[in-house]
Structure formats: structure tokens, C-alpha cells
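**Q** Below you'll find the structure I mean.
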Amino acid sequence: MNQRIFLSPPHMSGHEMKYIQEAFDQNWVAPIGPNVDQFEKELAEYLGVRYVAALASGTAAIHLALINLGVGQDDEVLVTSLTFSASVNPIVYQKAIPVFIDSEEKTWNMCPVMLRKAIEDRLSKGKKPKAIIPVHLYGIVAEIDEILKIANEFEIPVIEDAAESLGSKFHNKQTGTFGDMGVFSFNGNKIITTSGGGALCSDNEQYIRNARFLATQARDNFPWYHHSHIGYNYRMSNVVAGIGRGQLSVLDERVLQRRKIFEFYKELFSQVQGISVSSEPENAFSNRWLSCILIHPEKTFGKTPAGLIEVLEKENIEARHIWKPMHTQPVFENYPAYMNGTSERIFEQGVCLPSGSAMTQKELARIEEVLRNYFNI
Ligand SMILES: *Cc1c(COP(=O)(O)O)cnc(C)c1O
């Protein structure tokens, strides 16, 4: 059997062990230390943002962002429906109410028209949403300027979920730096990884200071352990931050590698009727974290995402369905949702193809052969 081609496996640079060794040599094997401080500094520089808190996960970052905004019981938070569940779970941790917003055609991300409709409807019901969480799904930049315009008009803060879009830019400005706070993930499948980890960024020092405080069990400044807030154990380990420093040094290279893989698919599928790839919005630069396609059933004569995933799996190649919209998930289906049908259609037609930056020409050729056979290219 051929070796498995994974969807998006970790891709080490060779620089990681140096920082890990330093952590061991100095005995900073703890959720505090020089790698954590340096990783925060280097990430802030890369992003062009003033403050970063290195955390245990992207989910923790979203949770702390919501706490920073005072989101609590029965508060409403507007969030993209077409996303990973981690964008939504922290809203429920706070006993708040997720209100789902559908996608728009071009970027697959939060639809500004539906966002405005939702805000006006919630206001008419006497509830002002406490936050908006747009997501840059698969690294594709959302209509962030439109979303910010609406957020400013109604004075609702924005938490940008950039977990999948590290390195993506709009008008040359990094995603995650447009909202009041931005969230990143360094899970094993993301464009760079620390094995598991996340970060919260902001130009507002108070938000980041408070995130660090809450992430280390909310210890007040007393000679003994003294607590006036409920804390969390959400800080990034100094060992893990060492991996992050090594990975960050090759991030731009990883973005270019992923973009090349996307170009490979785009070129191949330009020869097939009924397959479309997601486009890059004007003035946006995508990290192309995952390359995704839509299969239009009426133009491809019975080809389906499930069919394609199955033939790839037979050759030991991993592909996946697009995220199943959150408003259709059993845990979330009773929450309010403002829908136009787009996210459900993208789910029905969408496939994520192998996109790992370490893929070899030989592996790409294996994928190409399956795709050519399945689609008669
Ligand atoms: C991965 C991801 C997260 C969560 O990050 P973790 O580090 O896995 O907790 C949040 N939102 C989106 C869109 C993601 O893809």
C-alpha cells in the first residue's frame, strides 16, 4: 500500500529543536519562560499588532476574547455558520446564545447582507448582540471591510477568527488584526503548528493583559494565592512556544507552498466542466490553508463529494467534506439562524483536497491520477 497522504499534516522546519533544547537547558519546562515571551513578540511583529497572548489553543483564545467583552448568560453573539465548532463552543461555555449567519457566494464567509438583517432583527426583538465573530475559512479572506462597517455602525465589537488564515492579508494587512481582537490556532493541522496552541492578539493592551491574567488562574497580586476572579489554565507551555518560534520563521514559505498546491488544483480543474474553486476576493492574499472545490452535480453527471472522497481513500489519500454548517448540527440546531441557503449548498458540493506544504511532486502525481480518472480529464 502507498504511504498515506494526509489532508494537512505538520511540516517542521528543522529550527524547532534548537528552541526546545534551550527550554530544557534553562529548565523553563513550564507555562512561562523566554520562548513564550519571544514567541509573543515575534508573532506580534509578524502580524503588525501591538500585543499577543500565547495560549493553549485557539478555542481558549476565543473564550478569553468573549470574557474580555463581558459576554455572559443569555447574551447574543453573531457567528458564521460555515465554520469549525470551535468558533461557537466558547459562546456556549459562557451560557450565551450563538446567532448563526449564513455565507455569501464569493468568499464562503459571513454574508454582510445577512449580518445586517440579523442585527436589525435582534434589535427589533430588544436584544443588542454583544459581539460578531467572522471567520476567514480555509484562509480565504472574508468581506471584512463590509463586516467592520456594519459593526461600527451598530457599535458591536468584532472577534476575528483567523485560526485558519494566519499569513492571509487584505490590502496588505494581516487577517486577525482588523477586529477588536484576533484569534489564531497552532493545532497540528494548521498552516504552522506548535502541536497544539493558540494566540489572542489586539492593539488594546487591557484585553491582552487580562487574557494573560485569566489564562494563569487569575492570581491577584498578593503575597499568597488570592483570587477575585474565576481563572483558567490556558497558557502556552514554554516548550511548545519553542516549536512555534521555529515554525514562525518559515511561515511565509509555507504560505507560498500552499498557494502553489492551490494553483496545481486550479490548473487541473480548469479542464473540467462543473468544478469550481473558491476565488480570492479583490485586494486579498490567501494563505490557501486548504484547497477546496465545489462539484456542481448537474454539470458533472453524478460526481459527488462522497464519491470523490471514496476513490481517493482507496488510494490511501485523505480528503474531507467542507465543514458542516453549525446551524445544522444537533447541538446548535435550536439557536437562531439567518440563512440564505449558501452554506448548506457549499457543504453539499464541497470537498477539501490534500494541501500539506510538504507534499512531494510524486504525491501530487498520485492525487492527479485519481482526479483525472474520476473526472475523465
Ligand atoms: C482550528 C480552529 C479553531 C480552534 O483552534 P484550536 O487551537 O484547535 O482550539 C477555531 N476556529 C477555527 C475556524 C478553526 O479552524
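**Q** Could you tell me which of the residues Gly197, Gly179, Gly167, Gly139 is within 16 Å of the ligand (Cβ to nearest atom) and within 17 Å of Ala60 (Cα to Cα)?
**A** Gly197
**Q** Looking only at the stretch 226-241, decide whether some residue is in a helix (DSSP H, G or I), within 30 Å of Cys352 (Cβ to Cβ), touching a strand residue (DSSP E or B) at 6+ places or on another chain (Cβ under 9 Å) and in contact (Cβ under 8 Å) with a residue 40 or more places away in the chain.
**A** yes
Residue-wise test of (1) crowded, with 24+ Cβ neighbours inside 10 Å; (2) more than 23 Å from Leu248 (Cα to Cα).
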site: Asp121; (1), (2): no, yes
site: Gly126; (1), (2): no, yes
site: Lys130; (1), (2): no, yes
site: Pro134; (1), (2): yes, yes
site: Leu137; (1), (2): yes, no
site: Ile150; (1), (2): no, yes
site: Phe154; (1), (2): no, yes
site: Asp161; (1), (2): yes, no
site: Ser165; (1), (2): yes, no
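Per-residue answers, yes or no, for (1) farther than 14 Å from Pro134 by Cα; (2) of a type in the set (A, V, I, L, M); (3) outside the structural domain of Leu66 (by TED's automatic domain parsing):
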{"site": "Ala162", "(1), (2), (3)": "no, yes, no"}
{"site": "Gly167", "(1), (2), (3)": "yes, no, no"}
{"site": "Phe178", "(1), (2), (3)": "no, no, no"}
{"site": "Thr194", "(1), (2), (3)": "yes, no, no"}
{"site": "Gly197", "(1), (2), (3)": "yes, no, no"}
{"site": "Tyr234", "(1), (2), (3)": "yes, no, no"}
{"site": "Val239", "(1), (2), (3)": "yes, yes, no"}
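**Q** From Ala86, Ala60, Ala23, grab the single residue that is over 21 Å from Tyr335 (Cα atoms) and within 14 Å of the ligand (Cβ to nearest atom).
**A** Ala60
**Q** Can you confirm whether Glu76 is more than 10 Å from the ligand (Cβ to nearest atom), touching a residue at least 40 places away in the same chain (Cβ under 8 Å) and more than 24 Å from Asn334 (Cα to Cα)?
**A** So Glu76 fails the test.
The values are calculated or read from the model by the stated rules, or taken from the named source; none is laboratory data. As the structure is a computational prediction, the values presented were derived from the model and not from experiment. A quick note on method: Cβ atoms are made from the backbone with ideal geometry, for glycine too, and the neighbour counts reach across all protein chains shown.
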